[in-house]
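Notes follow the structure.
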Amino acid sequence: MSTNKTRQARWRSANPQKYDAHKAVCKAMRSGKLEKQHCEVCGASHVDAHHDNYDKPLNVRWLCRRHHIQLHFYGADMFPLKGKASEAG
């Protein structure tokens, strides 16, 4: 194995639980168990799945990139949960 890992490969190695959660979301979306929703803040259709808790990999919040970055920068209080987050399984 090359010691010259890509940034993405280094992130995967350093964050196995997060990577497993991302893979679980992708698999659930491919199987139809999980569907993308619109951004819970602004309603945009191009969204990311955000995990509040990586122990529940299919419990995600759908946020556009702008709001996803803001949530990570300013913290969870930026966009409090509205009702229950999308949850499959």
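The values are calculated or read from the model by the stated rules, or taken from the named source; none is laboratory data. Just so it is clear, the model here is predicted, and its values are computed rather than measured. Every residue, glycine as well, gets a Cβ built from its backbone with ideal geometry; the counts of neighbours run over all protein chains shown.
Residues checked against (1) modelled with pLDDT of 95 or more; (2) loosely packed, with under 12 Cβ neighbours inside 10 Å:
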residue	(1), (2)
VAL41	no, no
ALA44	yes, no
VAL47	yes, no
ARG66	no, no
LYS84	no, yes
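Would you say LYS18 is surrounded by fewer than 16 Cβ atoms within 10 Å (Cβ to Cβ), in contact (Cβ under 8 Å) with a residue 24 or more places away in the chain and in a loop (DSSP other than H, G, I, E, B)? Quick ask: steps written out before the conclusion?
Numbers: surrounded by fewer than 16 Cβ atoms within 10 Å (Cβ to Cβ): yes; in contact (Cβ under 8 Å) with a residue 24 or more places away in the chain: yes; in a loop (DSSP other than H, G, I, E, B): no.
Considered against the rule, which asks whether it is surrounded by fewer than 16 Cβ atoms within 10 Å (Cβ to Cβ), in contact (Cβ under 8 Å) with a residue 24 or more places away in the chain and in a loop (DSSP other than H, G, I, E, B), LYS18 comes out as no.
Only one of (1) under 15 Å from TRP62 (Cβ atoms); (2) loosely packed, with under 10 Cβ neighbours inside 10 Å; (3) among the polar types (S, T, N, Q) is not met by GLN37, so which one is it?
(2)
Report, by residue number, each residue of the range 21-70 that is of a type in the set (A, V, I, L, M, F, W, C) and outside any helix (DSSP H, G or I).
Within the range 21-70, LEU34, CYS39, VAL41, CYS42, ALA44, VAL47, ALA49, LEU58, VAL60, TRP62, LEU63, CYS64 meet the criteria.
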